[in-house]
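The values are calculated or read from the model by the stated rules, or taken from the named source; none is laboratory data. Small disclaimer: the values here were computed from a predicted structure and weren't measured. Methodologically, a virtual Cβ is constructed for each residue, glycine included, from the backbone with ideal geometry; neighbour enumeration extends over all protein chains shown.
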Amino acid sequence: MNDNLIEVRNLVKHFEVSKSVFSRNKKIVKAVDGISFDIKAGETLGLVGQSGCGKTTTARSLCLLDPKTSGSVNFYNPDTKNMESIDDIDDDGIRVFRRNMQMIFQDPYESLNPRWTIKDIIREPLDIHNIGSIAEREDAIVEILRTVGLTPPKNYLKRYPHEISGGQRQRVSIARTLVMKPKFVICDEPTSMLDVSIRISIMDLMLNLAKELDVSYLYITHDLAVARYMCNRIAVMFNGKIVEIAETEELLQNPIHPYTKRLISSIPIPDPSYKRERYEINFDELDKIISNNPDEKMIDVGNEHLVATHDTKGFFIET
Amino acid sequence: MSKILLEVKNLSMHYDTLEGNVEAVKNVSFNVNSGESFGLVGESGCGKTSVAMTLLQLQPENSIITEGSIKLDGKELVGLSENDLRKVRWDSISIVFQGAMNAWNPVIKIGEQIREAMREHYPQNSKQENINKINELFRMVGLDESISERFPHELSGGMKQRAVIALALSCDPKIIIADEPTTALDVVIQDQILNEIKKVQNLLGLSLIYISHDIAVIAEMTDKIAVMYAGSIVEMGPTKNVFTSPKHSYTRALLDSTPSIKGEKKKLRSLDGEPPSLIDKIDGCSFAPRCPDREISCNPTEHMSLIEIEPDHYVDVCSQGKI
């Protein structure tokens, strides 16, 4: 029995940009350049990397917000109990797909319609997907507000987003996402806008809900400390490619790729007596090596720890 | 060496708004020695930036300093005229602002914007002298000299922030305030900027006031910290002492809610509730409604003040029973 929920193979997303409106030479930006990964049912995979490395583009391609350039994405359809390709989704299929795959956005100040009440915001997906009777929808809204800790729910139903705090807004975003009972949720830096003391409660809420409702997450962040807290496995991205992917503790204890080492060494440690050693790499050099070797392979060094091998001196990795 | 450079005493400031007075800074006292790094940490809205702005007296017009004194090198800053303040700002005390992206005028070249500040403070210098100095500062913060001739939109976020640091250093200040200089940047760039700030600070023997909500960054950057909550300092002391034996429940809550990539993976503790609105006058302990250790022993209506519990380590008196 294959228990993968999502299988991504060689996903590519290129953007064409032209210097000016009349320019004929188009430049291609390789935002995502051939990445592969699986997400198992009930698992949280962290996607970690610097700004501009293609994390969000990957997420948008996965949930069909932007069409991918090439590659394949298969998802588990709970109705047919089979893996299906997102290329085969027709207009009806996309409803089923979207019901099972939801997204939580970074900024709770911009992702909620300011003119709608909390009730309307959470109700919208239920209306769109025509789930349940009117009365059942009302019950579902109250129930999900209770689940995400906005209690008593009747105090929140009639409020507008500006009347509640940032942490509460992010709880509303989560409620709106989970009211659909999805199997898979993409979280794009959902806690980076929140204060430290509130951040943990949102992270704990998401972890608990994952267990309770059997949801898998793709968790996008640039902070490895947050990823460690949230994720079972972590994939490290650099310039549109995944350079290393492993179980969380394995990746942090035994990083192999130089970029992973650099990323880990740049995380501040909340302990004044700890002296952090910086691991320096030449980013231009690394970028050159990676772009000159488009067909690099991921090799397994054991324990499902995959590393990209760029078969060039300087970044040679022994098998 | 450990001469007191900046002495802030009983500083209180409020904003006069339509809804009432917002007491953003309440009875804040601290000293910064020369060459020392002092950290101000707390959640958003706790008054960190208000303290910074009050030190430079750059706060908005509706703010009023109700009490207290700010002494820089023995010279009182509260009550100085705008003209006298202009001499102090940038010359003795300068600031690296939060949003490097928005700190620059988009239509003027970077070098010209730095020279503008230098012309104001060193009218006697020739243009070439200023250019040489900017080149030297750029080298110090890891920028190429050619950046002077570029416009802000041509630089990346990290480069802009480096240039802001060069700007802050341009008039040889004794003390720099860094107000969340890395919040908009990703981890690798943050690491480079922090390293640059530390390097420059050691090289020039500057004092630094580092403001951040990120406990991990504060741990690395500072010798001494003050934890702020609802406009007041609730705990202050040498960074090492505060981290190893935090005395105030709020400090403990902050430390317990910070994830780390080193050491055992531990269950983090969240802090329920929201910080209080500063419009309502709070009698006694402002942290009491959220305090996880509240039942142990405290009187939330008691008047609060900082007491010294070990050399240089101060804590809000409420926590006395919980040590």
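Mind checking which pairs have a first residue in the stretch A:278-291 that is closer than 21 Å to A:A31 by Cα and a second that is β-branched (V, I, T) and modelled with pLDDT under 85, Cβ under 7 Å, 6 or more apart or different chains? Pairs that qualify, where the first residue is closer than 21 Å to A:A31 by Cα and the partner is β-branched (V, I, T) and modelled with pLDDT under 85, are A:I289/A:T312. Annotation for the stretch A:69-82: at least one member residue is within 19 Å of A:I186 (Cβ to Cβ) and without any contact (Cβ under 8 Å) to a residue 24 or more places away in the chain.
Listed by first and then second residue, the pairs linking a residue in the stretch A:157-173 that is touching a residue at least 12 places away in the same chain (Cβ under 8 Å) and away from chain B (no Cβ under 13 Å) to a residue that is of a type in the set (K, R) and buried (at least 17 other Cβ atoms within 10 Å of the Cβ), with Cβ atoms under 7 Å apart and 6 or more places separating them unless they lie on different chains, are A:L157/A:K119; A:K158/A:K119; A:P161/A:R169. Scanning the stretch B:155-200 for residues that are assigned to a helix (DSSP H, G or I), in contact (Cβ under 8 Å) with a residue 40 or more places away in the chain, within 14 Å of chain A (Cβ to nearest Cβ) and surrounded by fewer than 21 Cβ atoms within 10 Å (Cβ to Cβ) returns B:G157, B:Q192, B:E196, B:K199.
Determine which member of the set A:E16, A:E43 is modelled with pLDDT of 90 or more and either of a type in the set (D, E, K, R) or surrounded by 13 or more Cβ atoms within 10 Å (Cβ to Cβ) (or both).
On the way: A:E16 fails: modelled with pLDDT of 90 or more.
Answer to the check: A:E43.
For the stretch B:294-320, a residue qualifies if it is closer than 27 Å to A:S201 by Cβ, at pLDDT 75 or above and of a type outside the set (A, V, I, L, M, F, W, C), and exactly one does: B:D316.
Please find, among A:T151, A:T177, A:T117, the residue that is of a type in the set (S, T, Y) and surrounded by 19 or more Cβ atoms within 10 Å (Cβ to Cβ). None of the other options fit; the residue is A:T177.
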